[in-house]
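The values are calculated or read from the model by the stated rules, or taken from the named source; none is laboratory data. Quantities reported herein were computed from a predicted structural model and do not represent experimental measurements. Cβ placement follows ideal geometry from the backbone for every residue including glycine, while neighbour counts extend to all protein chains displayed. Each accessible area value is taken on the protein alone, full model and side chains, heavy atoms only, with ligands, DNA and RNA left out. Shrake-Rupley method; radii C 1.70, N 1.55, O 1.52, S 1.80 Å.
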Amino acid sequence: MKIKKHITTLFHSLRNNPMVMNIMAVAIVTLIVKGFGFYKEIVIAGNFGLSELLDTFLIASLVPGFIYQVFLNAFKSVFIPNYIIEQKTDRDISSFQATSFIVTISTTIIFMILAYLFTNTFLEIFFPNHTQSYYALIKIQFFYLLPCILFWGLSSLISGLLNIHDEFKYSTIYPVFTSIAILILLLFFKDVLEERVLAVGMLIGSILEFTFLVIVAKSKKIIKISKPDFKTEGTRLMFSQLPAKVSSGFLSGLIPITDQYFAAQLVVGSIAALNYALKIPAFFTAIAVLALARVLLPHFSKLITENKLEASMQLRRILKFVFISLVLVIIPIILFSDTIVSFIFERDQFTSEDSLLVSKLQIILLIGAPFYICDNIIIQYLTSLNKNTFMAYVSFGSMTLNIILDYIFLKLYGIYGIVLCTTTIYIIRSLVLFSFANKQNKVS
């Protein structure tokens with residue numbers, strides 16, 4: 001009876017907690033979005049298997065994806081806590097918004113130009129010794145993916161505004177448009193677009209995402225733009241944190257590029273194998289990471305300005321609950337990894353041998369998943385505290401260690417060594433960040 005009463009009390013307390021309800025709502029919407037995304041990957045697997053076209057698409061999307069993850073998401077991360085700080089002043093928040101939009105647009109245009117100019121150099125350095133037809137496939141797809149950077153950047157900023165105003169369902173659902181666009185093109189226009197089908201789908205999806213977010217933000221009267229002011233305290237604080245956050249994102253973003261560089265030294269299809277091995281772990285981790293990150297960054301940012309001690313206590317409680325829950329969920333997935341991969345991917349061009357390889361890679365990645373998610377939770381907390389400099393140092397150490405371990409493990413274990421390196425980095429990085437966060441808690 002006591003246990004039942006305790007469970008009932010816990011359920012009611014969670015149900016009445018706005019943060020928990022927001023996380024659950026985001027998790028449900030994310031599940032829908034990732035469901036579409038996962039079905040898209042199944043269709044892609046059936047159409048292309050571990051093929052050269054899929055390898056080249058993944059390489060073509062590396063630089064645009066890298067720019068988005070490193071620079072645009074970094075700006076969004078420092079934008080949210082400093083926007084909340086600016087809201088607490090008597091200054092016009094529309095000026096801060098205008099400044100942020102100008103920075104986003106100008107930054108994306110600069111990086112689009114740089115990406116265009118240095119494409120050949122990038123391919124020669126990171127993916128040497130391939131045929132001219134291989135490079136031609138990459139470039140064809142790359143030129144369609146390049147404009148996505150602008151739409152991704154603006155969408156990232158607007159979704160950040162929606163998160164601040166607790167409009168989580170809208171800021172979570174919008175990526176579904178890219179999955180839908182790619183699916184439609186694959187099902188009905190594959191023969192017309194041929195090797196461009198995935199890249200064109202990505203471009204159309206990015207435009208639809210941006211359009212959707214603008215419509216929502218305008219209808220909610222969240223976008224308020226006036227004359228920009230680059231001299232306000234909030235703007236200066238945001239810019240002071242940006243170099244460290246960008247450095248952290250840049251160095252962390254090099255890790256998957258390094259992994260793909262080493263994978264490219266192996267047989268054709270190795271990059272695609274890594275990609276598929278990441279799909280199922282990414283499906284579950286992305287739901288947790290997106291749900292927690294979208295809610296926790298603005299939540300911690302608001303709470304820290306009011307009660308730092310409570311914020312630190314909440315961090316520890318969340319980490320404990322999330323880690324234990326994830327271990328319980330992941331164990332059965334590891335045990336049935338072969339069956340799951342075969343059931344989901346094994347059809348048409350995706351063979352039983354492909355399933356066996358992907359399954360083994362997947363198991364290694366799943367072991368690191370709880371650490372990866374907890375790592376992301378701690379990052380939201382430290383970002384709220386503007387401790388971006390330390391995270392830049394951690395990212396530098398992670399990147400350096402990743403290169404060393406990739407080289408060593410690749411020699412010892414082949415493609416399995418690459419994912420073993422990734423899992424090792426997740427574990428070490430999360431423990432370092434947890435130790436630092438605890439020290440901040442004591443200081444608080």
Mean residue ellipticity (222 nm) of the chain, computed from DSSP H runs ≥ 4 via -39,500 (n - 2.57), nearest 500: -29000 deg cm²/dmol
Set of aspartates and glutamates with alpha-carbon distance to residue 411 below 15 Å, sequence-local pairs under 8 removed: 259
Derived scalar couplings ³J(HN,Hα) [the stretch 202-211; Karplus, 6.51 cos²θ - 1.76 cosθ + 1.60; whole Hz; x for Gly, Pro]: 5, 5, 4, x, 5, 5, 5, 4, 4, 4
Probe 1.4 Å, accessible area per residue of the stretch 387-444, Å²: 50
Residue of 94, 430, 206 that the Gaussian network model of the chain assigns the largest fluctuation, springs spanning Cα pairs under 10 Å: 94
For the stretch 131-200: relative contact order, % (alpha-carbon pairs under 8 angstrom, 6 or more apart): 43
The stretch 145-194 shape via C-alpha gyration tensor axes, a/c threshold 1.5: oblate
Three-way shape label, the stretch 84-136, alpha-carbon gyration tensor, a/c 1.5: prolate
Cα-based shape type of the stretch 364-404, given that a ≥ b ≥ c are square roots of the gyration tensor eigenvalues and the cut on a/c is 1.5: oblate
Qualifying aspartates and glutamates (Cα of each under 14 Å from Cα of residue 218; at least 8 residues distant if same chain): 167
Calculated diffusion of the stretch 26-144, Stokes-Einstein form, Kirkwood radius summed over Cα pairs, 37 °C and 0.692 mPa s, µm²/s: 187
Cross-link partners of residue 169 among aspartates and glutamates (Cα-Cα below 15 Å; sequence separation of 8 or more within a chain): 209
FRET efficiency estimate (nearest 0.05) - Cβ-Cβ, residue 230 to residue 136, R0 35 angstrom: 0.20
Probe 1.4 Å, accessible area per residue of the stretch 161-254, Å²: 48
The chain: relative contact order as a whole-number percent, Cα under 8 Å and 6+ apart: 24
Charge tally in the Cβ shell below 12 Å around residue 245, where Lys, Arg are +1 and Asp, Glu are -1, residue 245 excluded: +2
